[in-house]
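S.K.: Mind having a look at this structure? Questions to follow.
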Amino acid sequence: KELRVADVLDALNEELAPLVFPEREDGSNPRICPKCGTGNLSLKLGKFGAFVGCSNYPECSYTRQLGDAANPNGENGNGEDGVKLLGKDPYTAEEITLRSGRFGPYIQRGEGKEAKRSSLPKGWTPESIDHEKALALLALPRDVGKHPETGKMISAGLGRYGPFVLHDGTYANLESIEDVFSVGLNRAVSVIAEKQQKGKGGRNGATPAALKELGDHPDGGGKIVVRDGKYGPYVNYGKVNATLPKGKDPQSVTMEEAL
């Protein structure tokens, strides 16, 4: 009879159960996954050796290394040579790992020259990285949407100077790392327009021309003005910029529409 890997793992699960799945203080079944609560834990084999995983994978990404048996609730333990297995990519089935490199910790998907890597952002610690965060990092840069005036894609990513949005060669900084994962099209267009106007003011020494003044904001704090920008007219209030819809006559903009 041909010996299958699955048969070997099943036998090891039974023989090593007291060591790999020690009894829990609350008396609950030690083979039940502590993350999803419905899957069964069992030994599995990966490129970095044996580990414990959930039977509900890929819906449940719980994994831990054998050395973490004393702490079964501690997800995603450390593997050999400082490699930490976080789970698999749901689309490519490649293993995602946390590693330590010359320039600090980083996330890696796959192996060899084709592997994708992403350094941890400033303020993120290796202990805070889980499967979900790793997937989010590896998805960068991400497409935010097409600019309503140019039709060109706006992307969001992390660079040497922090989080940013990029459009047609123009980089504009975002306030926080979390923004790079959540920024929407309207906010991205506004941030880019603000950056463009700052650059335009720096080169020409003047604020872009006002096409129409709508008056003071009803809540106070400054005037609302329609200005002429690089990508067409836009409404400006303090640091907030909003591009006018294509074909909209700047002179026809009302206070209600601007608000």
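The values are calculated or read from the model by the stated rules, or taken from the named source; none is laboratory data. What you see is a predicted model, and the numbers here were worked out from it, not measured in a lab. Note that we place each Cβ from the backbone using ideal geometry, even for glycine, and neighbour counts take in every protein chain shown.
S.K.: Taking the conditions exactly as written (modelled with pLDDT of 80 or more and under 28 Å from Tyr171 (Cα atoms)), does Ala210 satisfy them or not?
M.R.: No: the conditions fail for Ala210.
S.K.: When the residues of the stretch 70-110 are narrowed to those that are β-branched (Val, Ile, Thr) and in contact with a Phe, Trp or Tyr (Cβ under 8 Å, 6 or more places away or on another chain), which ends up modelled with the highest pLDDT?
M.R.: Here is the first cut: in the stretch 70-110, the residues β-branched (Val, Ile, Thr) are 83, 92, 96-97, 107.
If we keep only those that are in contact with a Phe, Trp or Tyr (Cβ under 8 Å, 6 or more places away or on another chain) as well, we get 83, 97.
Numbers: Val83: 77, Thr97: 90.
Among those that are β-branched (Val, Ile, Thr) and in contact with a Phe, Trp or Tyr (Cβ under 8 Å, 6 or more places away or on another chain), it is Thr97.
S.K.: Among the numbered criteria (1) within 20 Å of Glu59 (Cα to Cα); (2) touching a Ser or Thr at 6+ places or on another chain (Cβ under 9 Å); (3) of a type outside the set (Ser, Thr, Tyr), which single criterion is violated by Asp89?
M.R.: Condition (2) is where Asp89 drops out.
S.K.: Within the stretch 18-33, can you find the residues that are in a helix (DSSP H, G or I) and either within 16 Å of Ser55 (Cα to Cα) or touching a helix residue (DSSP H, G or I) at 6+ places or on another chain (Cβ under 9 Å) (or both)?
M.R.: Listed by number, the residues that qualify are Leu19, Val20.
S.K.: Let me ask another. Val180 - would you say it is assigned to a helix (DSSP H, G or I), over 18 Å from Arg99 (Cβ atoms) and of a type in the set (A, V, I, L, M, F, W, C)?
M.R.: Here the answer is yes, as Val180 does meet what is asked.
S.K.: Any residue in the stretch 229-249 that's in contact (Cβ under 8 Å) with a residue 24 or more places away in the chain and farther than 13 Å from Gln197 by Cα: show its pairings with residues that are among the acidic types (Asp, Glu) and part of a loop (DSSP other than H, G, I, E, B) at Cβ separation under 6 Å, as long as the two are six or more apart or on different chains.
M.R.: Hits for this filter: zero, empty list.
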